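These notes are about the structure you will find just below.
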Amino acid sequence: MMKPPMHVAKAKEVEAIGFPLTAESEQPFQAISKLGHLKEEMRSLMVMLETCTKCGKCAEQCHSYLGTQDYYNFPAARAELMRRVYKRYFTLQGKLFGRFAGAEDFDGETLTKWLTYFYQCNECRRCALFCPFGIDTAEVTIAARHILSELGIMPRFMQGVAANMAKTGNNMGLPKLAVIDNAEFMEDEMREELGIDIKIPIDKPDSDVLYIPSSADFFTNVDTMIGAAKLFYHLGLNWTISTTVLEAANFGLLFNLDVMKEHNRRLTDAAHTLGAKLVIQGECGHGWRAAKMYTQGANGPVPFQIRHILDFAAEHIDHLPLQKLPIRATLHDPCNYGRAGDLIEQPRKVLRAIVDEFVEMTPNREENFCCGGGSGLLMEEMKEIRMQLGKKKADQVMALGSLDYLVIPCSICKAQLPAVMDYYGVKDLKMGGLMDLVGKALVLK
Amino acid sequence: MLFFIGQVFPYIAVAVFLLGLVWRVRSWLKVPVPFQITLFPAPHSLTGRVTAVGKEMLLFSSLRRGDDGLWFWAWLMHITLAMIIAGHIVGIYYLTHQFTLIGLTEAASSQVSAFLGAVAGVGFFMALIVLLYRRMAIPEVKRLSDPADYFELCLLLTIVITGMHMRTVSEVNLPVIREYLGSLMMLRPVPIPQEWIFVSHFFLVNVLMLYFPFSKLIHMAGFIVNRAMLVEAAPSYPTGEEHSHGGISRDARVSKGGAQL
Amino acid sequence: MSFVQVKGNQIEIDEDGFLVNPEDWSEDMAAYFATMEDVTELTENHWKVINYLRDYFKKFGVAPMIRKLCKDTGFPLKEIYEMFPSGPAKGACKLAGLPKPTGCV
C-alpha cells in the first residue's frame, strides 16, 4: 500500500477546522459523489478532463516531471488519476467501453494516489501554455485537493495554516499584540537607518489604502514590508494594515475552495470596514491570483480597486528619488504573477529602474519555471521532492554565471529558493523581494 | 445487410454525430465558470481574443513552443484532413470538374483534383503513421495511451487507405456514387453502389461519425470552449453592481482613474 | 504524534519533532531536542537565545521576528545558524518549546 510523502492531518485536527474525516469505507463513494457535484460547478474541470488527446506534449515542459522523473508527475498522467474515474462514472464512453476508453474504477489506492500526486503539482499552469488545447492541469489539481479536503483528507501543513488563519487572520498565527510589537520594531529600524519617523499604521479607520502583506513579511521577509512602508511614506498615502487580514496569501485556493472564499471575505470585509478605496496586495503569488481573479466570483462585486504593490510601484517608479544599486540582478517570475496574474512587465520596469544591471534568466516571463514550492508545497518532510521540483530553477540561475541578487517577489518562492540554491551549491547569492530593493534604492529625506 | 449499410446506417450515424456533438457541447456550456482562469498574457479586446483563438485553431501555435516534431505532424494531419473534407464536397458534387469555375478545362480540372487529392491523401496517411509510431515509441505517451487512442488512429488509416484505393487501384464510378450520396441527402435513398471498396470506405466513415461524439475526437469543440475561458478578460475592480456571480462570468466594466493616488 | 521518555516523563511531540504542549517544556526537554538537532553542547549563548524565545512567546503567543531575535540577543543570523544548525525557526524554536512556525517560511 503506497504511502503519501507528507504528514497527513489527523481526524481531530481536520475536525477543528470544519472538515470532519469521512470513514475510510465511505471515502470512495463520497469522493465520486463530490466529483459529480464539482463537475457541474466548474466548467473547466469537465472540458479539460474530456478534451485531452493524449499527445504527451506537456511532459517535456513540466518541471515536476523533469525533476522527479515520476510518471504520475507528468501533467497528462496526473490528470489521468482523475480522468479515468471521471470517465468511468460520468461519461457514456467510459460506462460503455470501460478500459478501452481509458475508464477505471475507483479503488482503495485512488485517493492515496490523489493525495500523493496532486500535492506534487505546483499549480504553476505551465502545461496549459504548451498544450494545444490549453488544458490547465492546475484546475484538475485544485478540484482534486478540494474533493480530498471535503473528505477530511489534507496535509497537516495545510490544516495548520488554515487553523492559524481562522484564529488570527494570518497564516503565521501572529496575534494582534505581536503584530503591533513587530511593527514598532520595524519603525525603530527605519528610524535608526534614516533618522525619519516612518509609521506602519495598524487598523487605522478612514484609510484610503489597505495594504495586505504576506505575514512572512512580519517574520522573515522584513525588508519587503519596510520597502512598502518607505514607498507609502514618500507618496504621502493615507494607508493602514489590518490585523484581521494580515495575509496576502489565500491558502484556501490551495486546498479547499470554500476556505478560499472565506479568506477572501476577510479581505473584502476589512476593506469595507476601513472604508478603503484601494486594496494593495503585497508580495505573494497565489494570493495575488486569488485577489485578482477570484474576488469577483467569491465575494464580488466590490466597490474598491485591487492592485498589486509591484504594479503600484511601477506606476510611480519614474518619479521616485532613487539611487541605483550597484548589483547584477535577475528576476524570478512567480507563476501566479506571470501565467495567472498579468504581472509580467511591471516587476521588470521597477527592477530596471533600481539596479545597475538587470539580466533575464531563460526562459522568462510566462514561460518561466516554477520555484518548486508553488501551491503551498513547503512541507519540511517533503524536502527531497521539493528540491527535485526546484531543479530547473537552479539550472536557470546557474546558467547566468556570476550574479549578485536573485529577485524573488513571492513569499512561497522566498521560502523555497534559498533552500534550492543551497542544495544545488549556488553560493554567494543574495536573495530577496523586489520591494526590498525599492526600499534600499529610495532616497528619503 | 447492404440495405442496412446503404440506406439505414448512414442516417443513424449522421443523427448520432450531430445530436451527440450538440449534447456534449451543451453539457459543458450548462456548467458555470465560477472563477476566471485567464492564462496570461491575454488579449485585451474582443477582436484580439477572436484572432488569438482563430490563429491557434488554424496554425496550432502553442504546439510550436518548445519546438519538437509534434507540431508539424499534428498540423499536417489536420490540414490534409481539412483538404480531404473540402475536396470530397466539391470534388464529388462537381465530379472533379470544380476547377472549371476558375477557367480550367474539364480534363485539366480532373488532373488538378486528382493531384490535390493525392497530396492530401498521402500527407494524411503519412501523418497518421508518424503519429501512430510516436504513440508507440515515446515511453510516456505509450504508457498514457488507451486502446481507444490506437483504435482511432487505425480507423482513420483504414479510411484513408480505402479512399486512396478508390482513386487509384479500383477507380470507382464517380457519377454513380454522386447519385447515391445525393439520394441520401434528399432522404430518398437508392441502393448503395456495390463496389466493395466504396462500401467499406463509406461504412467506416459512418462508424467514425457514430463513434465521434463519445470519444476524445470531440477535442475540436473542447478546444473552442476551453480557449474561450483562457482568453476571457480578467475582472477589473471596482466592479459594477449588476454583476451576477454563480452564473457565467461576464466582463466587468473597465474602471478609469486610479492614478489619483 | 508520538511520545518520548524524558527524565521519567512521557512527553508528546508532533511529527516535526516539536513539543505539542508548551507547558511540557523543561530544561531537560531542551537538552533532548538538542540531541535531535545536532547541537552538541548547550552553552550560555544557547540558553540566552532559548530564554529570549520563551519570554517573547509567553508575552506575544508567537515566535519573534528573526531580525529582532538577532538584534536583542546580539547574535548575527550566521551565528544563530552555527548554534542551531536548523536555524532560528526550525532549530532554536524547537529547543525553546515553541510550536513550529508555519506558513511561508
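Could you go through the stretch A:111-123 and let me know if any residue there is in a loop (DSSP other than H, G, I, E, B), within 10 Å of chain C (Cβ to nearest Cβ) and out of contact with any strand residue (DSSP E or B) (no Cβ under 6 Å at 6 or more places or on another chain).
Step one: of the stretch A:111-123, the residues in a loop (DSSP other than H, G, I, E, B) are A:119-123.
Those left that are additionally within 10 Å of chain C (Cβ to nearest Cβ): none.
No, the conditions are met nowhere in the stretch A:111-123.
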Any chance the stretch C:2-21 includes a residue that's among the charged types (D, E, K, R) and part of a helix (DSSP H, G or I)? no
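Can you pull out every residue in the stretch B:119-146 that is small (Gly, Ala, Ser) and either at pLDDT below 95 or not in a helix (DSSP H, G or I) (or both)?
Here is the first cut: in the stretch B:119-146, the ones small (Gly, Ala, Ser) are B:120-121, B:123, B:127, B:137, B:145.
Selection gives B:SER145 alone.
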Filter the stretch A:215-242 for residues that are within 21 Å of A:LEU177 (Cα to Cα) and open to solvent by 20 Å² or more (accessible area, probe 1.4 Å); the one that is nearest to the other protein chains (Cβ to nearest Cβ) is A:THR220
Quick check: anything in the stretch A:329-349 touching a Pro at 6+ places or on another chain (Cβ under 8 Å), within 12 Å of chain B (Cβ to nearest Cβ) and of a type in the set (D, E, K, R)?
yes
Counting only helices (runs of 4 or more DSSP H) wholly inside the stretch A:137-254, the ones holding at least 2 residues that are without any contact (Cβ under 8 Å) to a residue 12 or more places away in the chain are A:156-168, A:176-194
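Matching residues to (1) touching a residue at least 12 places away in the same chain (Cβ under 8 Å); (2) over 22 Å from the mean Cα position of the chain (by Cα); (3) in a loop (DSSP other than H, G, I, E, B); (4) over 30 Å from A:PRO363 (Cα atoms):
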position: A:LEU45; (1), (2), (3), (4): yes, no, no, no
position: A:LEU49; (1), (2), (3), (4): yes, yes, no, no
position: A:THR53; (1), (2), (3), (4): yes, yes, yes, no
position: A:LEU66; (1), (2), (3), (4): yes, no, no, no
position: A:MET82; (1), (2), (3), (4): yes, yes, no, yes
position: A:VAL85; (1), (2), (3), (4): yes, yes, no, yes
position: A:ARG88; (1), (2), (3), (4): yes, yes, no, yes
position: A:LYS95; (1), (2), (3), (4): no, yes, no, yes
Given the conditions (1) open to solvent by 10 Å² or more (accessible area, probe 1.4 Å); (2) more than 14 Å from chain C (Cβ to nearest Cβ); (3) more than 29 Å from A:HIS63 (Cα to Cα), every one holds for A:GLU150 apart from (3)
- Task: Confirm whether B:LEU39 is facing chain A (nearest Cβ under 10 Å) and part of a loop (DSSP other than H, G, I, E, B).
- Result: yes
Restricted to the stretch A:175-214 and to residues being farther than 16 Å from A:VAL245 by Cβ and aliphatic (A, V, I, L, M), the residue nearest to the other protein chains (Cβ to nearest Cβ) is A:LEU177
Of (1) modelled with pLDDT of 95 or more; (2) farther than 29 Å from C:PRO88 by Cβ, A:GLY401 satisfies every one except (1)
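Is it true that A:GLU40 is free of Cβ contacts under 8 Å to residues at least 40 places away in the same chain, more than 30 Å from A:GLU366 (Cβ to Cβ), within 7 Å of chain B (Cβ to nearest Cβ) and not β-branched (Val, Ile, Thr)?
On the way: free of Cβ contacts under 8 Å to residues at least 40 places away in the same chain: yes; more than 30 Å from A:GLU366 (Cβ to Cβ): yes; within 7 Å of chain B (Cβ to nearest Cβ): yes; not β-branched (Val, Ile, Thr): yes.
Here the answer is yes, as A:GLU40 does meet what is asked.
Given the condition open to solvent by 40 Å² or more (accessible area, probe 1.4 Å), in a helix (DSSP H, G or I), more than 22 Å from B:VAL207 (Cα to Cα) and at pLDDT 95 or above, answer yes or no: does some residue in the stretch B:147-154 qualify? Don't jump to the end; show me each part of the working.
Of all residues in the stretch B:147-154, those open to solvent by 40 Å² or more (accessible area, probe 1.4 Å) come to B:147, B:150-151, B:154.
Next cut, in a helix (DSSP H, G or I) only: B:147, B:150-151, B:154.
From what is left, the residues that are more than 22 Å from B:VAL207 (Cα to Cα) are none.
Within the stretch B:147-154, none of the residues are open to solvent by 40 Å² or more (accessible area, probe 1.4 Å), in a helix (DSSP H, G or I), more than 22 Å from B:VAL207 (Cα to Cα) and at pLDDT 95 or above.
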Scanning the stretch C:65-88 for residues that are more than 8 Å from chain A (Cβ to nearest Cβ) and either within 13 Å of the chain's Cα centre (by Cα) or buried (at least 22 other Cβ atoms within 10 Å of the Cβ) (or both) gives C:LEU69, C:ILE80, C:TYR81, C:MET83, C:PHE84, C:PRO85, C:SER86, C:GLY87, C:PRO88
When the stretch A:97-110 is checked residue by residue, the ones that are in contact with a Gly (Cβ under 8 Å, 6 or more places away or on another chain) and part of a helix (DSSP H, G or I) are A:ALA101
Of the residues in the stretch B:182-220 that are more than 14 Å from every other protein chain (Cβ to nearest Cβ) and polar (S, T, N, Q), the one that is most open to solvent (accessible area, probe 1.4 Å) is B:GLN194
Of those in the stretch B:167-181 that are more than 17 Å from B:ILE5 (Cβ to Cβ) and hydroxyl-bearing (Ser, Thr, Tyr), the residue most open to solvent (accessible area, probe 1.4 Å) is B:THR168
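The rows are residues; the columns are (1) crowded, with 16+ Cβ neighbours inside 10 Å; (2) in contact with an Asp or Glu (Cβ under 8 Å, 6 or more places away or on another chain); (3) without any contact (Cβ under 8 Å) to a residue 12 or more places away in the chain; (4) over 13 Å from A:ALA441 (Cα atoms).
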{"residue": "A:HIS308", "(1), (2), (3), (4)": "yes, no, no, yes"}
{"residue": "A:ASP311", "(1), (2), (3), (4)": "yes, no, no, yes"}
{"residue": "A:ILE327", "(1), (2), (3), (4)": "yes, yes, no, no"}
{"residue": "A:LEU331", "(1), (2), (3), (4)": "yes, yes, no, yes"}
{"residue": "A:ARG339", "(1), (2), (3), (4)": "yes, yes, no, yes"}
{"residue": "A:ALA353", "(1), (2), (3), (4)": "yes, yes, no, no"}
{"residue": "A:GLU357", "(1), (2), (3), (4)": "no, no, no, yes"}
{"residue": "A:THR362", "(1), (2), (3), (4)": "no, no, no, yes"}
{"residue": "A:CYS370", "(1), (2), (3), (4)": "yes, no, no, yes"}
Residue hits (the stretch C:1-54; at positive phi and open to solvent by less than 20 Å² (accessible area, probe 1.4 Å)) are C:GLY17
In the set A:LYS383, A:LYS445, A:LYS430, A:LYS392, the lone residue that is over 25 Å from A:GLY287 (Cβ atoms), surrounded by fewer than 24 Cβ atoms within 10 Å (Cβ to Cβ) and among the basic types (Lys, Arg) is A:LYS445
Report task. Restrict the check to the stretch C:44-67 and report whether at least one residue is among the basic types (Lys, Arg), part of a loop (DSSP other than H, G, I, E, B), out of contact with any Phe, Trp or Tyr (no Cβ under 7 Å at 6 or more places or on another chain) and in contact (Cβ under 8 Å) with a residue 12 or more places away in the chain. Result -> no
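The values are calculated or read from the model by the stated rules, or taken from the named source; none is laboratory data. This structure is a prediction, so every number in the text was calculated from the model and none was measured. Note that we place each Cβ from the backbone using ideal geometry, even for glycine, and neighbour counts take in every protein chain shown. The accessibility values were calculated without ligands, DNA or RNA, using every heavy atom of the protein model including side chains. Shrake-Rupley method; radii C 1.70, N 1.55, O 1.52, S 1.80 Å.
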